[in-house]
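*Asks:* Can you read through this structure? Questions will come right after.
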Amino acid sequence: MTIKHPPGPAGNFYQQLQELRADFLAYLMNAADEHGDLVRLNPGPGTYLYLVNHPDLVRQILVTHASQYHKSAMTQKMVGRFLGNGLIVNEDESHKKQRKLAQPAFHKQRVDAYAQSMVELTQQQMQTWQPNTPFDFEASMNALTMKIVARTLFGTGVVGGTQKVGEIMEVFADAISGQFRALPLPQWLPIPRHLRQRAAVAQMDELIDEMVTDWRTKGQDNGDLMSMLLLARDEESGEGMTRQQLRDELVSIYFAGHETVAKLLSWVIFLLTQQSKIAEQVQAELHQVLDGRMPTTADLPQLTKLDQVVKETLRLYPSAWVFDRSPVVDVELAGYHIPVGATIYVSPYVSHRDKRFFDRPDEFMPERFAAGWEQKLPKYAYYPFGGGPRICIGQSFAEMEAKLILATILSQTSFELATTDPILPEPGATLRPQNGLPVKIK
Ligand code: HEM
C-alpha cells in the first residue's frame, strides 16, 4: 500500500537542515503558511516529522486523543538526561500518580499563600538595580524566579546560591536547546560540552540532596511542594517516593518553574519599551489601583490592562514555543496516516500568529484580549499553557507570579532599552531574547 504523505517544504534533508538552522522560527512559520493544517517536514530518510497547524488538530492530540501519544523519543532522551523521569517526560500511570501527588501544591488557595514572598523577593531584586546603569533584565529575572521557586515550593533558600544553580540550569537549557540547532552527537564522546553537562548533572544532584537535608533538619510539613513529595506515601504499599523520583520531580519543577516565567517577564518589558503608550496605560492602572502600596492577590482582578499585556505577550512570545508528541499506535490526523513513533510538533508560537484567527497577528495589541474576545476564539487557537492531561501544572502559579512581579516593578519603575541592536527571539528550551535584555531605568 502506498501511503499519502501530507504536503511539506521542498528540498532534501540537508537543504532543509540549512534553512532550519538559519532561522528555526521562520522555517516553521513558512512551512505552516505554505502547506496548511498538517505539514510534513523532512528530517532525513526513514524518519517522520510533522507540524500541526490547526486548533482542531492541536485539540485532538493534546486533549481528545491524548492517550494515543507520548513525548517523542528525542525529547525523552534530551530532557530525560537532565530532568530524569519527572512530570515533564513521565508517561501513563506513573505520570498520573506523580501528577496527583504534586497537584495540591498548585491549588489556588496554596498558590495565593505564596504571593507575599513573591512581592518581597521582587523588592529585594529591585535593590540590585542602579539608576543610569544598564543591566540585563533577563538575567535579573532568572535569578528572581529561581529564588521564588526555591522559597515558595521548596520552602528553602536557594542552597548553593542562585549563581551556582543559575549556571547549572543554563547548561541544562543549552543542552536541551541543542536539539533545535544541530544533530546531537553521541553522549559518550568526551567533548568539553558533554563533560560540562555531566558535571552539571552531578552538581545538581548534590544540591538537591542538600536541599532535602535542609528541609529534613527543619522537619516540618509546610504544605509546600517539597513537603508533599517528601511525605507522600503510596496508598497500597505505604512506601515513599524513591530518592531518584524525588530528585527528578524537584529538578523538573525547578527548571520548568523559573525559566518560563523569567522569559515571559523579559518579553513584557521588551514590548513595553517599544510601545510607550501601552506602558503608560499599565502604569496609570497600577497607580489607580495600588495608590503607592505593594500589590496583593486581591488587586489582580482589577488589573485588567496588565492582564491583557501578559496574555498578548504570551501570544507573541510563548515561553513554551513548541513541544512535541509521538503516537504510540498508528493514528489518523487530517485524513493522513501517521505512523507510530513519528514526531509531531505542536507550536503555540506558530498557532498564535495564524492570520485565520488573529487580526494583524505580528502586532502587539493587548486590547484584543478585552473581555469576552478569548472565549470567541476556536478552542486551542491560543494555548500558551498547553491543554489536556498534561496542561501546565504551574499555570495559576505562573500567571499570579508574573502579574505580582510586574505590578511591583512597574508601579515604581519604567525602562528603556540600553542597546540599539534588535532584540530577536532565540528558540531553545524556551523562547528567549537572543542576547539577553539590556535595559536602563528611565
Ligand atoms: C509563563 C510560564 C509558563 C508557561 C508558558 C508554561 C507552559 C507550559 C506548557 C505549554 C506545558 C505543556 C507541555 C506539553 O504539553 O508538552 C507545561 C507543562 C509543565 N509546566 Fe509549565 N509553563 C509555565 C510556567 C510553569 C511553572 C511556574 C511551573 C512550576 C512551578 C511549571 C511546571 C510545569 C510542569 C511540571 C509541566 C509538565 C506537566 C505534565 O506534563 O504533567 N510551568 N508548561
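*Asks:* Measure out, as a whole number of angstrom, how far apart the alpha-carbon centroids of region 272-306 and region 36-87 sit.
*Replies:* About 38 Å separates the Cα centre of region 272-306 from the one of region 36-87.
*Asks:* I'd like the Karplus ³J(HN,Hα) series for region 74-90: coefficients 6.51, -1.76, 1.60, θ = phi - 60°, whole numbers in Hz, and an x wherever there's a Gly or Pro.
*Replies:* Result, rounded to whole Hz: 5, 5, 3, 6, 5, 6, x, 4, 9, 9, x, 9, x, 3, 5, 10, 4.
*Asks:* Can you work out the Karplus-derived ³J(HN,Hα) for every residue in region 265-273? Use 6.51 cos²θ - 1.76 cosθ + 1.60 with θ = phi - 60°, whole Hz, and x for glycine or proline.
*Replies:* Values per residue, Gly and Pro as x: 4, 5, 5, 4, 5, 4, 5, 5, 5 Hz.
*Asks:* Report the charge-dipole magnitude of region 52-139 in Debye, nearest 20, computed about the Cα centre from +1 at each Lys and Arg Cβ and -1 at each Asp and Glu Cβ.
*Replies:* 420 debye
*Asks:* Here's a follow-up. Suppose every K and R has +1 on its Cβ and every D and E has -1 on its Cβ; what is the size of the dipole of region 321-440 about the Cα centre, in Debye to the nearest 20?
*Replies:* Here the size comes out at about 180 debye.
*Asks:* Suppose the Debye formula is applied to equal point scatterers at every Cα of region 55-122; what is log10 I(q)/I(0) at q = 0.11, 0.14, 0.26, 0.27 Å⁻¹?
*Replies:* Per q value, in the given order, log10 I(q)/I(0) is -0.44, -0.66, -1.06, -1.09.
*Asks:* Within 11 Å, Cβ to Cβ, of Ser319, how many net charges do the neighbouring residues add up to if Lys/Arg are +1 and Asp/Glu are -1?
*Replies:* Computed value for this residue: +1.
*Asks:* Here's something else I'd like to know. What residue among Phe154, Phe385, Phe357 shows peak mean-square fluctuation when the chain is described by a Gaussian network model with Cα springs under 10 Å?
*Replies:* Of Phe154, Phe385, Phe357, the most mobile in the Gaussian network model is Phe357.
*Asks:* Taking every alpha carbon pair in the chain, what does the distance histogram look like in 10 angstrom bins from 0, in percent?
*Replies:* 4, 20, 31, 28, 14, 3, 0, 0
*Asks:* Would you please put 123-135, 202-214 in order of how densely packed they are, using the mean number of other Cβ atoms within 10 angstrom per residue and starting with the highest?
*Replies:* Descending mean neighbour count gives 202-214, 123-135.
*Asks:* Positive end of the charge dipole of region 13-441 (Lys, Arg +1 and Asp, Glu -1 on Cβ, about the Cα centre): tell me which of Ala202, Leu250, Ile148 has its Cα farthest that way.
*Replies:* Sorting the options by dipole projection puts first Ala202.
*Asks:* Please build a GNM for the chain, connecting alpha carbons under 10 Å apart, and tell me which residue among Pro327, Pro384, Pro104 fluctuates the most.
*Replies:* Maximum among the listed residues: Pro104.
*Asks:* Quick one: which residues, 5 or more positions from Leu333 or on another chain, have an amide H under 5 Å from its amide H? H modelled 1.01 Å from N in the peptide plane, none for Pro or chain starts.
*Replies:* Amide H neighbours of Leu333, under 5 Å, 5+ apart: Ile338.
*Asks:* Tell me, what ³J(HN,Hα) does each residue in region 108-121 have, in order and in whole Hz, if you take phi through Karplus 6.51 cos²θ - 1.76 cosθ + 1.60 with θ = phi - 60° and put x for Gly and Pro?
*Replies:* Using θ = phi - 60°, the values come out as 3, 4, 5, 4, 4, 5, 7, 4, 4, 4, 4, 5, 4, 5 Hz.
*Asks:* If you roll a 1.4 Å probe over the heavy atoms of the protein chains, what accessible area per residue do you get for region 13-441, in Å²?
*Replies:* 44 Å²
*Asks:* 5 Å is the cut-off here: which amide hydrogens, built 1.01 Å from N in the peptide plane, fall below it relative to Arg432, excluding neighbours closer than 5 in sequence?
*Replies:* Glu426
*Asks:* Arrange the peptides 430-440, 239-249 so that the one whose residues have, on average, the most other Cβ atoms within 10 Å appears first.
*Replies:* The packing order, highest mean first, is 430-440, 239-249.
*Asks:* While we're here: Quick check: the distance between the Cα centres of region 397-414 and region 123-149, to the nearest angstrom?
*Replies:* Cα centroid to Cα centroid, the span is 13 Å.
*Asks:* Order Tyr317, Tyr114 by their accessible area, 1.4 angstrom probe, all chains in place, largest first.
*Replies:* The ordering from most to least exposed comes out as Tyr317, Tyr114.
*Asks:* Ignoring ligands, DNA and RNA, what percent of the accessible area of the chain is carbon or sulfur (1.4 Å)?
*Replies:* Percent of accessible area from carbon and sulfur atoms in the chain: 51.
*Asks:* For the chain, modelled as a GNM with alpha-carbon contacts under 10 angstrom, which of Pro190, Pro295, Pro55 fluctuates the most?
*Replies:* Pro190
*Asks:* I've got another one for you. Relative to the Cα centre, what is the charge dipole magnitude of the chain, using +1 at the beta carbon of each Lys and Arg, -1 at the beta carbon of each Asp and Glu, and rounding to the nearest 20 debye?
*Replies:* 260 debye
*Asks:* Taking the alpha-carbon distance from Lys147 and a cut-off under 17 Å, which lysines remain once sequence neighbours fewer than 8 residues away in the same chain are dropped?
*Replies:* Lys164, Lys263, Lys403
*Asks:* Give me log10 I(q)/I(0) at q = 0.13, 0.23 Å⁻¹ for region 225-303, Debye formula, one equal scatterer per alpha-carbon, no solvent.
*Replies:* -0.68, -1.09
*Asks:* Taking the DSSP beta bridges in region 13-441 as the whole, what percent of them are antiparallel, to the nearest 5?
*Replies:* Percent antiparallel among DSSP bridges in region 13-441 is about 80.
*Asks:* Per the helix-only calculation at 222 nm, which mean residue ellipticity applies to the chain, given -39500 (n - 2.57) for every DSSP H run of n ≥ 4 and division by its residues, nearest 500 deg cm²/dmol?
*Replies:* Result for the chain, helices only: -15500 deg cm²/dmol.
*Asks:* Additional query: So, by mean Cβ neighbours within 10 angstrom, what's the order for 406-419, 20-33 with the highest one leading?
*Replies:* The packing order, highest mean first, is 406-419, 20-33.
The values are calculated or read from the model by the stated rules, or taken from the named source; none is laboratory data. None of the values given here were measured: they were computed from a predicted structure. For neighbour counting, all protein chains shown are included, and Cβ atoms are generated from backbone atoms with ideal geometry for every residue, glycine included. Heads up: the accessible areas ignore ligands, DNA and RNA and are worked out on the full protein's heavy atoms, side chains in. Shrake-Rupley method; radii C 1.70, N 1.55, O 1.52, S 1.80 Å.
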